[in-house]
Amino acid sequence: AQEDRTRRGPAAQPRSAVPGRAVRRRRPGLRADHPGGAGGFLVLACVFVCAACGLVYELELVAFASYLIGDSVTQASVVLSVMVFAMGIGSLAAKRLRWHAAVGFGAIETALALVGGCSAMAVYAVFAWTGGWGGIWADGPCCLLVGFSLAIGLLVGAEVPLLMELIQRIRRQDAGGAVADLFAADYVGALVGGLAFPFLLLPFLGQLTGALLTGSVNVVAGSALVLGLFRRDLTRRARWTLLVAGLVVLGVLASAAVLAGDFEAAARRAVYGPDVRVAAQTDVQEVVLAGGTDGKPLDLFLGGRLRVGGRDERRYHEALVRPALSGPHRRVLILGGGDGLAAREVLRHSGVSRVDVVELDAGLVRLARHDPGLSSLNAHAYDDPRVHVTTADALSWLRRAPAGRYDVVLADLPDPGITASTKLYSQEFYGLTRRVLTPHGRLAVHAGPVSARPRVFWTVEATLRAAGFSTTPYRVLSHDTGFAAGPGRSAGTSRTPRDWGV
């Protein structure tokens, strides 16, 4: 070939070999109507969107794990560690797809949108209709959570090598610069996804619809990049296959979004019983009310946990309130207790001049004021002029509260077995509580079931003594069922403790 070019002379040689002239060779996949700068920006924009979607999938699984199984720290650790491990495996596996980067990336984004978008609904369905909610390696949604974490991690991990190959086809760039651009877009996208989940998706759309919308955005972004910018890298058959697959996934996600409301209502009835009346997502937690009308006992679930069992709640609140009010009780502070039931018991004692309720969840207080079942159960305690409500975190409020003001403090707080509430059972918390009490004031603390979790109960007692209190531990047996420390099903079938320790 070289001898043939020599015989034909310089005119037959390629332009790049002619002295004084240079030609930029087009890399595979680069289109004439997308110069390197615009094409590179489009790839990085897709990286940004895909990273945001990937983090939303992770947070969705963590949220469902903590709601349905409890112990948010353990669930978050398991989900995130499995997902990060799977991302590494996915990155290694994606090396085999580098020569078919465009079609591989399109297929991965389509699969990721379907798996990630439907993950929340699938986990909720298994939990609702199988009742599997045991330990972390038990059957049921726990294994399903690990499976979804593994699948999503594999697909997310496979994105980066393929995107690196695609951006190198768009513009000439050293490997270090390409990695920097790619990871900058990835991390910024993760930030946006991480902020969008708690502040936009969860409060305005809910977990199920939020996940489905995220999947839709994911498949649109991935398909648009591949079928638009890199369509010349695909065969006609591959283009049509990706297009049809993307449309099918969009159809599945849209159909699921339309049915999400009915599905969630059916799942709630399966979890909480057939008498569910109210299901509201407040700024703090999900609040579910079951029963409370037509002579049916009212059950209140907060974040999936049975907080008030209408069949037995009176015994619990009498046990929490009455011993503490056996002495002077002109001023009473209730920490938590947004349902108004502890306030109801306090107001039954003569000599009470003021009751201050410090509750984090304003939505729960609104329900306690206006819901006919709950307001009837608390005897319309919030209509009493002696009751004053403050929406605040109890620990933060105590730091600013005046010293020596209250005769009695009632800690009607989430169960100490819940990781998120441990600060409310700390020595600092009790020290601040002791500061707001009068010299002979009294504090009553719900410390969890003695029989089921004795270590937790006696740890609370030891912490109170370390804070300077003289303690009198006691417990009250439940005739029906105790309040669940972890997510339980309807009160009639809940595997919950049958005593309360105070």
Q.
Out of the residues in the stretch 132-145 meeting the condition of being surrounded by fewer than 19 Cβ atoms within 10 Å (Cβ to Cβ) and of a type outside the set (Gly, Ala, Ser), tell me which one is modelled with the highest pLDDT.
A. Cys143
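Here's the yes/no breakdown for (1) among the acidic types (Asp, Glu); (2) touching a residue at least 24 places away in the same chain (Cβ under 8 Å); (3) in a loop (DSSP other than H, G, I, E, B):
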{"site": "Val288", "(1), (2), (3)": "no, no, no"}
{"site": "Arg307", "(1), (2), (3)": "no, yes, no"}
{"site": "His317", "(1), (2), (3)": "no, yes, no"}
{"site": "Ala343", "(1), (2), (3)": "no, yes, no"}
{"site": "Asp356", "(1), (2), (3)": "yes, yes, no"}
{"site": "Gly363", "(1), (2), (3)": "no, yes, no"}
{"site": "Leu367", "(1), (2), (3)": "no, yes, no"}
Q | Unmet requirement for Phe148, which otherwise passes all of (1) within 27 Å of the chain's Cα centre (by Cα); (2) surrounded by 23 or more Cβ atoms within 10 Å (Cβ to Cβ); (3) modelled with pLDDT of 95 or more | A | (3)
Q: For Thr459, indicate whether it is surrounded by fewer than 17 Cβ atoms within 10 Å (Cβ to Cβ), part of a strand (DSSP E or B) and of a type in the set (Val, Ile, Thr).
A: no
Q) Taking Arg7, is it farther than 30 Å from Leu162 by Cα, of a type outside the set (Ser, Thr, Tyr) and either at pLDDT below 50 or surrounded by 15 or more Cβ atoms within 10 Å (Cβ to Cβ) (or both)? A) yes
Q: Look at Leu243 and say whether it is surrounded by 22 or more Cβ atoms within 10 Å (Cβ to Cβ) and either at pLDDT 90 or above or not in a loop (DSSP other than H, G, I, E, B) (or both).
A: no
Q) Pick from Val389, Val408, Val436: which is under 21 Å from Tyr316 (Cα atoms) and aliphatic (A, V, I, L, M)? A) Val408
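Only one residue in Val188, Val226, Val252, Val217 is assigned to a helix (DSSP H, G or I), in the same structural domain as Val62 (by TED's automatic domain parsing), over 30 Å from Ile170 (Cβ atoms) and touching a residue at least 60 places away in the same chain (Cβ under 8 Å), so which one is that?
Val252
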Q. Which residues, taken from the stretch 348-386, are among the aliphatic types (A, V, I, L, M), out of contact with any Ser or Thr (no Cβ under 8 Å at 6 or more places or on another chain) and surrounded by fewer than 19 Cβ atoms within 10 Å (Cβ to Cβ)?
A. Ala379
Q: Could you identify the single residue in Gly441, Gly468 that is over 32 Å from the mean Cα position of the chain (by Cα), touching a residue at least 12 places away in the same chain (Cβ under 8 Å) and exposed (fewer than 14 other Cβ atoms within 10 Å of the Cβ)?
A: Gly468
Q. Filtering the stretch 269-310 down to residues that are surrounded by fewer than 20 Cβ atoms within 10 Å (Cβ to Cβ) and β-branched (Val, Ile, Thr), which residue is modelled with the lowest pLDDT?
A. Val284
**Q.** Members of the stretch 284-305 found to be among the hydrophobic types (A, V, I, L, M, F, W, C) and more than 16 Å from Gly340 (Cα to Cα), listed by number
**A.** Val284, Ala290
Q: Please work out which residue is nearest to Glu313 (Cα to Cα), limiting yourself to the stretch 369-379 and to residues that are touching a Leu at 6+ places or on another chain (Cβ under 9 Å) and in contact (Cβ under 8 Å) with a residue 60 or more places away in the chain.
A: Leu377
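The values are calculated or read from the model by the stated rules, or taken from the named source; none is laboratory data. Owing to the predicted nature of the structure, the values given are computational and were not obtained by experimental measurement. FYI the Cβ positions are ideal-geometry reconstructions off the backbone, even for glycines, and counts take in every protein chain you see.
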